[in-house]
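Taking it in order: structure first as structure tokens, then the write-up.
The values are calculated or read from the model by the stated rules, or taken from the named source; none is laboratory data. Because the structure is predicted, anything quoted here is derived from the model rather than measured. Ideal geometry is used to build each Cβ from the backbone, glycine not excepted, and the neighbour counts take in all protein chains shown.
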Amino acid sequence: MVAVCLDGRRSVLELKGRDVSKLLQNVATNDFSTTRLAALTAAAAAPGAAGACQHACFLANKGRVHVGDALVFVPPPDDASSSNSSSSSSGDVVPEDSIVLVDVASDLLPALLQHLKAYKLRAKVTLRDASSDYAAWALFARSAAAEADVAAADAEAALRQTCAGLGAAAGGLGGGAAALDPRSAALGVRAVLPRNSFPTPPAGGDTADAAWAALGCSTDAASWLRAGADAEGRSADSAAADGLALYDWVRLSQGLPEGSEWSGAVPLELNLERLNGVSFTKGCYMGQELTARTHFQGLVRKRALPVLLAPLPPLGPLPRWQALAARPGSPSGAVGVWSFPEAATAAGTASERLCVQVGDQVVGAESGKVVGAIVSVACGRSGRGGVPGCPVAVAKLRLGAAGFGPNGSAREALVVVRPPAAAEASEGGGEAAAGDDAGAGEGVAVAAAAPYLPAWWPDEAGPK
């Protein structure tokens, strides 16, 4: 097990009051009715649990994503609130002083706070930036074998055992919470934990390591990444940088954009419903018309998928996506640290070409047709552009043109192309232009790409 502190990437917003359910139900994509919130409260209080968690997005009035990939935690009851929480264990009643903690991208916390205040009206809810009290964490488990057929059940059992250990830790969680990632067990455990109990590394030093070691966890992500001092794009002397590199590797390998990468998108094109982030039976909420219409009319022609990258010229044939379906992120929280020969260690221009950017186009090598665009890359220490040598990104692709789904055409080789305007902007220090239409098929090829289906993709005849 490894625990990764997400300070600098994720922050925590606290909602407290009797109308928490009412507010969230009116503005979030998922179901936060009193019945559902009571069920989450009961699950958080169950033996062996350390809280409960639900995924959601917040939409603008025209249905596009305003704040994406929010994880809403219900903390387990502690001794101080046991009297208020006892009635909730039946699953019928939500306590008058309900508290939820929202794990959200740090750069979007002000936008979410403003959004909730705008629609709070007279609801009895207090909103507070609780990032000074809590830190967001991600926990991953890996089988001893680095094969595609890793023991998924064993990995999930280890994650659940760690959750139970957190719930039983001395002094409890101090108002924090931990639960299996509600989007997919392939993403491990997510937690919001009090800073006084689990200090953030490296500043926490031995205290942080001791707290995690007692739970059978480590905060040493570098050993998982097999990152030495000469590993490009990795920082051997910074636990925080190594942890975020591992976090990016897991989320990108599972096809997950993060934070502002969701902003302005059609929710279902980023697989919100397949990541358990939306309810189609809850009734009206802010911006729900576009999401409901897209779902019921079956008009999702583009989807976000992970793409494996290789330097140009290719150092060998790209693997077929079928061979990658269980790699590099394998089911049920097991992280397969998958070695991609030459790609992550190629020197000079080959490594530079792997430094793809958000907005780069994905183009058919033979036809020259644009089939999609890169929407998420590893941030790196600067926060701009991809990490050189990181062999995976997320692209929003036209499924048929990319060879997926019942109407998929024959797969042709795909390359990542930087449009001329974006290439000039990046050379001049400006921002790269986003989109998958401008400069179709023109620009500078920066990498070869092979999309594949992530571990959580539904078992079906073909993506819709």
The residue from L225, L270 that alone is touching a helix residue (DSSP H, G or I) at 6+ places or on another chain (Cβ under 7 Å), modelled with pLDDT of 90 or more and either crowded, with 19+ Cβ neighbours inside 10 Å or not hydrophobic (A, V, I, L, M, F, W, C) (or both) is L270
Looking at the range 74-96, is at least one residue out of contact with any Gly (no Cβ under 8 Å at 6 or more places or on another chain), at pLDDT 90 or above, in a strand (DSSP E or B) and of a type outside the set (K, R)?
no
Which numbered condition D7 fails, given (1) over 17 Å from the mean Cα position of the chain (by Cα); (2) surrounded by fewer than 21 Cβ atoms within 10 Å (Cβ to Cβ):
(1)
Suppose we filter the range 359-398 for residues that are at pLDDT 80 or above, surrounded by 23 or more Cβ atoms within 10 Å (Cβ to Cβ) and in a loop (DSSP other than H, G, I, E, B); how many remain?
3
Taking the condition modelled with pLDDT of 95 or more and either on the phi > 0 side of the Ramachandran plot or in contact with an Asp or Glu (Cβ under 7 Å, 6 or more places away or on another chain) (or both), does R10 pass?
yes
Which one of the conditions (1) modelled with pLDDT under 90; (2) polar (S, T, N, Q); (3) on the phi > 0 side of the Ramachandran plot does S235 fail to meet, given that it meets all the rest?
(3)
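Yes/no matrix, rows are residues, columns are (1) closer than 25 Å to A168 by Cβ; (2) touching a residue at least 60 places away in the same chain (Cβ under 8 Å); (3) touching a His at 6+ places or on another chain (Cβ under 6 Å):
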| position | (1), (2), (3) |
| --- | --- |
| A3 | yes, yes, no |
| E14 | yes, yes, no |
| G17 | no, yes, no |
| L23 | no, yes, no |
| A28 | no, yes, no |
| T34 | no, yes, no |
| A38 | yes, no, no |
| A43 | yes, no, no |
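Yes or no, residue by residue, for (1) without any contact (Cβ under 8 Å) to a residue 12 or more places away in the chain; (2) assigned to a loop (DSSP other than H, G, I, E, B); (3) closer than 18 Å to L108 by Cα:
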site: D242; (1), (2), (3): no, no, no
site: L246; (1), (2), (3): no, no, no
site: W249; (1), (2), (3): no, no, no
site: P257; (1), (2), (3): no, yes, yes
site: E269; (1), (2), (3): no, no, no
site: V278; (1), (2), (3): no, yes, no
site: Y285; (1), (2), (3): no, yes, no
